[in-house]
């Protein structure tokens, strides 16, 4: 019984994933196993997923980043403005798209750096700093977009959003080659990168040390401030990447709506994945599974035709259960 | 009237790696001071954690006045009259003495606090203990000794019949310790059973009526007062006779100081501190707790900003920005707060040892094999007893934790190693090993600064001692004149008129 408890604490998120998958399979049969549906499990929330990877590192240092959702709107807005500016000339669309990506990435990086710098050197609580960011970045995006949507005037921008690598041998229901989207590929690549960063580099070890006992880490000659600045900067950069792919898919950015509640989804995925909000312990693969699990929850509710208004209740319950399981893990220490 | 007793029969506690307690049977009677001694890892803490309801034993029973009981948590234990005064005192700095004592047990009338009544009862308790502060004093303004009294008063307010005290004098000056002993004497006469855990054997022999010696999770013997002297007690603890505790002092070579401190001042803590240290020299810093010893040391690795003065390392004036900066210049600081600042308790031995030097092993990916090999080497050199190098350092005994901290800094190969209370909470056997290690490092040319409240340690180990009082270095005692008296005069400010 106790063993089962430990197993659930460690791999509960996978058990939940398999269980939900099984439920869907029973209800919808093999239709649920269509490659297209499986692909969407990974790609649908890959935007939040990319952000959640950064969020995992932030939370592992004992911090939090509430500003990512608003930052998506700001990065996307700047990206599309650059795109439209440079891409006005038909000949330079490729350049325009590249510059839009760079602009989005740069804005995210700078914003993340500002967050991190204020937190580490200004010694303000992460919650407060990023709460300010949540308000300010959205507001800046609204200013840029005049309160509404900014549409891309470069038609081929969409191709980034819908492009990707065809999966050999697999087809969609209508017979087109099945494409694994760029943003989903990025999500998985970034997850692998972060996993290596966390588990195999000095920086990763320092992240854990800062989260577990910041003062002891400082006394042990770890540059704790630099670690903090880095995790927020990385999260900002990842947010820029997410904003770029999201705006490409939509071929526009709604400055009031883009990225809304992404911070909550990202935090939820991190927590469900087994990363401790108190810092010091966490795992990237858990966050990836957490992201997929959130998508699967939505899918399951569609399967059972549950009114989408109920989604929040289910998500809330899942988050609470995840945290309760984690606390069990701590109490057993 | 049947006397109150707390007893255990065949208590065993199995942890994943070790059998921490092996059928331990003890009994504590009302009106006695019962010492519990043993090396670190002997099982003292585990036994106390079980008796105070923090942990549930694997097997065995606990009896209160002859009745078997199952303790469900700390509150349950307190309800049954068992209270523990932890080393880390559980008092809230921001509240007053009275508020602390009644925290969680506030006296109310229809939901409104009766502060007058609580203050009255607090005053009664404080006078019973002979405390010199008032019920309205904010706890943060009290000394450690004062806070300890608050914790004792709180236990008494809960009708504690057994008071378990874990190393109560570790953070007290000698004068404060004496005051505590008279409090203990008073409580004893009122019929309280005192369980007294300490590494200071002289103290245990002085105040305890009976002494139980634990070794490797078993009761070796329970001694009556006067049955053994200090060295016999120590032998029982380690299971072999102890020779000289301190290694012979080596000669100091070299004439160029490796570290020079000139007129260093820190805000509110240290004024005009100056000294220098040669390679291979062991310099002690003595003084009462709060005299600025730790603050001075912390400033030498950049943990505190200097408001005045300079620090020269190998003749070069340095503005140290933090421990990392200091480490690069060869100065390392081993903190007195092992659990809070010395180790990241959730991390394992390997990760803790390589924390400052991790970049050496990463290019950019950590070479975990090499890392582990280096740490294994330290484990062997320092004889660190870790069951599993992958287990969190939380589970190590005090002495082994200290060795992990040391290994961490020795891996840096420092020129100057500052050791702040290196043997606090460390058992006799491990203490001796630490002394030998420090002496060896000095022989090999490292400059060592040893901060200690234990005067025999300063006298036995150091080439000379600096004495601090109220933030100033008030004197230096060279080797031939090193005596407890000479140091205490300076530390307490008694002029040898």
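Quote the Stokes-Einstein diffusion coefficient, in whole µm² s⁻¹, for chain B, based on the Kirkwood radius over alpha carbon pairs, a temperature of 4 °C and a viscosity of 1.567 mPa s. Write down the numbers at each step before the final one.
Values: Rh = 24.3 Å.
After rounding, the answer is 53 µm²/s.
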**Asked** What percent does the relative contact order of region A:2-332 come to when contacts are Cα pairs within less than 8 Å and at least six residues apart?
**Response** 33
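Give me B:28, B:246 sorted ascending by neighbouring Cβ count inside 10 Å, so fewest comes first.
So the ranking, lowest neighbour count to highest, is B:246, B:28.
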**Prompt:** Roughly how many Å is it from the Cα centre of region A:262-322 to that of region B:21-88, as a whole number?
**Reply:** 43
**Prompt:** Comparing A:156, A:67, A:247, which has the greatest mean-square fluctuation in the GNM of chain A with Cα pairs linked when under 10 Å apart?
**Reply:** A:156
**Item:** Volume of the Cα convex hull of the protein assembly as shown, divided per residue and given in Å³
**Value:** 216
**Fill in**
Scoring chain B by relative contact order with C-alpha pairs under 8 Å, at least six apart, yields a percentage of 16
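Work out, step by step, the length gained on full extension between residue A:174 and residue A:117: first 0.36 nm times the residue separation, then minus their alpha carbon distance; give nm to one decimal.
15.5 nm
So how do A:249, B:431, A:158 line up by other beta-carbon neighbours within 10 Å, fewest first?
Working: A:249 19, B:431 22, A:158 15.
With the fewest neighbours first, A:249, B:431, A:158 line up as A:158, A:249, B:431.
Just the ratio, please: alpha-carbon radius of gyration of region A:2-332 over 2.2 N^0.38 Å, N its number of residues.
Numbers: Rg = 20.1 Å, N = 331, 2.2 N^0.38 = 20.0 Å.
My calculation over the Cα atoms of region A:2-332 gives 1.01.
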**Item:** For A:221-233, mean number of other protein chain Cβ atoms within 10 Å
**Value:** 3
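State the extension gain, in nm to one decimal, for the chain segment bounded by residue B:492 and residue B:76, taking 0.36 nm per residue of separation less the distance between their alpha-carbons. Walk me through the intermediate numbers first.
Values: separation 416, 0.36 × 416 = 149.76 nm, distance 4.32 nm.
Stretched out fully, the residue B:492 to residue B:76 stretch lengthens by 145.4 nm.
Taking each pair of distinct Cα atoms in region B:148-210 once, what is the resulting Kirkwood hydrodynamic radius in Å?
Evaluated on region B:148-210, it is 12.0 Å.
Name the shape class, rounded, prolate or oblate, that the alpha-carbon gyration tensor gives for region B:386-497, where a ≥ b ≥ c are the square roots of its eigenvalues, rounded holds for a/c under 1.5, and otherwise prolate holds if a/b is larger than b/c and oblate otherwise. If you can, show how the numbers build up before the last one.
Details: a/c = 2.44, a/b = 1.95, b/c = 1.25.
Cα axes put region B:386-497 in the prolate bin.
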**Item:** Kirkwood estimate for region A:38-111, i.e. one over the average of 1/r between Cα atoms, Å
**Value:** 13.9
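Does region A:190-333 come out rounded, prolate or oblate, given a ≥ b ≥ c as the square roots of the eigenvalues of its C-alpha gyration tensor, rounded meaning a/c under 1.5 and, failing that, prolate meaning a/b above b/c? Let's see the in-between values first.
Numbers: a/c = 2.49, a/b = 1.38, b/c = 1.80.
Oblate is the answer for region A:190-333, as a/c is 1.5 or above yet b/c matches or exceeds a/b.
Can you give the average number of partner chain beta-carbon atoms within 10 Å of each beta-carbon in peptide A:206-213, as a whole number? Can you show the working numbers first?
Details: counts 3, 0, 4, 7, 1, 2, 7, 9.
Per residue, the number of nearby Cβ atoms from other chains is 4 on average.
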**Request:** Please report the orientation-averaged projected area of region B:95-144, defined via the convex hull of its C-alpha atoms, in nm².
**Result:** 3.5
**Request:** Express in nm, to one decimal, how much length is gained between residue B:380 and residue B:276 on full extension, taking 0.36 nm for each residue of separation and deducting their alpha carbon distance.
**Result:** 34.1 nm
**Request:** Would you give the gap between the C-alpha center of region B:245-272 and the C-alpha center of region A:44-112, rounded to a whole Å?
**Result:** 54
**Prompt:** Based on the alpha-carbon gyration tensor of region A:146-208 and its eigenvalue square roots a ≥ b ≥ c, which shape applies: rounded if a/c is under 1.5, prolate if not and a/b is larger than b/c, or oblate?
**Reply:** oblate
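If packing is taken as the average number of other Cβ atoms within 10 Å across a peptide's residues, how do B:180-186, B:48-54, B:476-482 rank, most packed first? Write out the running numbers ahead of the final one.
Numbers: B:180-186: 16.4, B:48-54: 21.4, B:476-482: 13.4.
In descending order of packing, they fall as B:48-54, B:180-186, B:476-482.
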**Prompt:** How would you order B:153-162, B:364-373, B:129-138, A:306-315 from highest to lowest mean count of nearby Cβ atoms within 10 Å?
**Reply:** B:153-162, B:129-138, B:364-373, A:306-315
**Request:** Count, for each residue of A:192-203, the Cβ atoms from other chains sitting within 10 Å of its Cβ, then give me the mean as a whole number.
**Result:** 3
**Message:** Please compute the contact order of region A:226-333 in relative form: average sequence separation of alpha-carbon pairs under 8 Å and at least six residues apart, divided by the residue count, as a percent.
**Reply:** 21
**Request:** Rank by packing, highest mean first: peptides A:44-57, A:190-203, with packing defined as the count of other Cβ atoms within 10 Å averaged across residues.
**Result:** A:44-57, A:190-203
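Taken together, the values in this text are just the output of simple stated rules run on the coordinates, not laboratory data. Please read all numbers here as calculations on a predicted model, not as lab measurements. Cβ: placed from backbone, ideal geometry, glycine included. Neighbour counts: every protein chain shown.
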